[in-house]
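This report refers to the structure that appears directly beneath it.
The values are calculated or read from the model by the stated rules, or taken from the named source; none is laboratory data. Computed from a prediction, not measured in an experiment: that's the story for all the values here. Note: ideal-geometry Cβ built from the backbone for every residue, glycine included; neighbour counts use all protein chains shown.
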Amino acid sequence: MKKIVAWVLACGAALALCACGKKSGEVRFGMGAHAYYSAEKSASEEAAGYGKVIVAVAAVVTDENGKILACELDMAENKGEFTHDGKCVAASGFKTKGELGDGYGMKGASDIGKEWYEQAEAFENAAKGKTLDEVKTLLATGESEIVRAGCTIDTGDFIAAVEKAIQSAKSVSVRGDYDVEMEISSAQIECRDASETENGTNRIKTVFSAVLEGEDDTELLRFSDEAEAEFTFDAHGHAVFDISAELKTENEKK
């Protein structure tokens, strides 16, 4: 079995994403994640088998009326691979879609010539000043303000993560400028080959946190959570995990 012995070494340095705002008084700040298995494929002699997991994370500041004042979004899309003879494929260097930047490669396939991170930023900006219900209403109108702002990708994961962030939110007092910082790190924490009597496993953990800081860089409120995906396979490289299984974060399990 190959084990991760140091989380920091396995993940490397995470990119801190940041949103900012200005207000004096009470706000509500929360973080939410929408995690699920998104794909699976058994291995062949020509290509590795795999499982994919999506973890969409949102950090959101709202006012007392539920209007969004600041919103930060990112998404981990991780793949765990295995071979046709039941060997787990070691992996490292996971990056989120935001961290990949132009390297994600969406711009060439996009009708509006925008990368993933640019479209996520367009959603964030269009959501400001609106309640979650108002954002949902806009999205339901087709050629909406959010589309015109530059976001044409499927926003279902964004909405689910933002909704969970608002549900988890706590009240906090701010004075003047504030910053929202969010970090996401992923690592392979178990990589075990299959045998004729026992399935192999490729397990990937995603850890994420969000911090609200005041204008003097004082930490006002912090949230942290993690999601763990397990991809199992047999000695012949057949995927044996259930892609429809519910994937809860650690906080959601409590």
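Taking the range 221-242 as the range and being under 23 Å from the mean Cα position of the chain (by Cα) and not in a loop (DSSP other than H, G, I, E, B) as the test, the residues that pass are Leu221, Arg222, Phe223, Ser224, Asp225, Glu226, Ala227, Glu228, Ala229, Glu230, Phe231, Thr232. The single condition among (1) part of a strand (DSSP E or B); (2) at pLDDT below 95 that Ser209 does not satisfy is (2).
Results for (1) under 30 Å from Asp179 (Cβ atoms); (2) touching a Leu at 6+ places or on another chain (Cβ under 9 Å), shown as yes or no for each residue.
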site	(1), (2)
Asp193	no, no
Glu196	no, no
Thr201	no, no
Leu212	yes, yes
Glu215	yes, no
Arg222	yes, yes
Ala227	yes, yes
His238	no, no
Phe241	no, no
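Of all residues in the range 126-178, those satisfying the criterion of being without any contact (Cβ under 8 Å) to a residue 24 or more places away in the chain, surrounded by fewer than 16 Cβ atoms within 10 Å (Cβ to Cβ) and farther than 16 Å from Ile68 by Cβ are Ala140, Thr141, Gly142, Glu143, Arg148, Asp154, Gly156.
Taking the condition charged (D, E, K, R) and within 26 Å of Ala210 (Cβ to Cβ), does Lys107 pass? The answer is no for Lys107. Note on the range 146-186: among residues that are in a strand (DSSP E or B) and under 17 Å from the mean Cα position of the chain (by Cα), the one that is nearest to Lys130 (Cα to Cα) is Val180.
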